[in-house]
Amino acid sequence: MTPADAALVKSSFDKVKPIAADAAALFYGRLFEIAPEVKPLFKGDMSEQGRKLMTTLAVVVNGLDNLPSILPAASALAKKHVGYGVKPAHYAPVGAALLWTLERGLGPAWTQPLAAAWTNAYTTLSGFMIGEAYGPTAAAE
Ligand code: HEM
């Protein structure tokens, strides 16, 4: 993740913040459409879950230019997800639903370099989280 990529992702996320509740609803709608098997894993209130997701994403986005600062929290979060029944293979549809949501939320502000920067950010983060939670072999799969 280059500093330029981090800056791109950060400024785009600022545009999503005002529509965070809608974005979260769009995200889960899309996720359950492309990966219906994960729906039973979510047992809590979905608007509360959406708020947590957007808050965490904001922390991650702000930490992109200083990755070591967010790795301990990302590692702990990944391990907690094992207890929720999350499997390594679930990270890909979650990433796809996230990118789909950003594309819809940002409209014309969703450009190719921005898509590449977000893909890079999510791939890096999810690879790290999978490695921490399931071991390096799972992360390479
Ligand atoms: C970058 C990746 C991810 C981030 C930032 C993230 C963020 C979060 C946060 C902040 C929570 C609430 C944690 C708590 O308060 O205990 C949570 C819970 C949860 N996440 Fe994730 N998550 C990610 C990936 C995933 C993936 C890949 C799945 C797979 C489907 C998933 C499914 C869940 C479930 C099932 C819960 C618990 C919901 C409940 O209690 O009803 N998450 N996530």
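Worth a mention:
- Test: residue 117 is more than 9 Å from the ligand (Cβ to nearest atom), closer than 21 Å to residue 5 by Cα and in contact (Cβ under 8 Å) with a residue 60 or more places away in the chain: yes
- Of all residues in the stretch 34-62, those that are closer than 21 Å to residue 19 by Cα and assigned to a helix (DSSP H, G or I) total 17.
- Cβ pairs under 7 Å, 6+ apart, first in the stretch 5-23 and touching a residue at least 60 places away in the same chain (Cβ under 8 Å), second exposed (fewer than 15 other Cβ atoms within 10 Å of the Cβ) and part of a helix (DSSP H, G or I): 8/113; 12/109; 15/109
Quick grid of which residues meet (1) under 25 Å from residue 120 (Cβ atoms); (2) more than 14 Å from the ligand (Cβ to nearest atom); (3) modelled with pLDDT of 90 or more; (4) of a type in the set (Asp, Glu):
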site	(1), (2), (3), (4)
20	yes, no, no, no
25	no, yes, yes, no
32	no, no, yes, no
35	yes, no, yes, no
38	yes, no, yes, no
52	yes, no, no, no
56	yes, no, no, no
79	yes, no, yes, no
87	yes, no, yes, no
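- Only listed residue being in contact (Cβ under 8 Å) with a residue 60 or more places away in the chain and assigned to a helix (DSSP H, G or I), chosen from 76, 97: 97
The values are calculated or read from the model by the stated rules, or taken from the named source; none is laboratory data. Computed from a prediction, not measured in an experiment: that's the story for all the values here. Cβ coordinates were reconstructed from backbone atoms using ideal geometry, including for glycine residues, and neighbour counts include every protein chain displayed.
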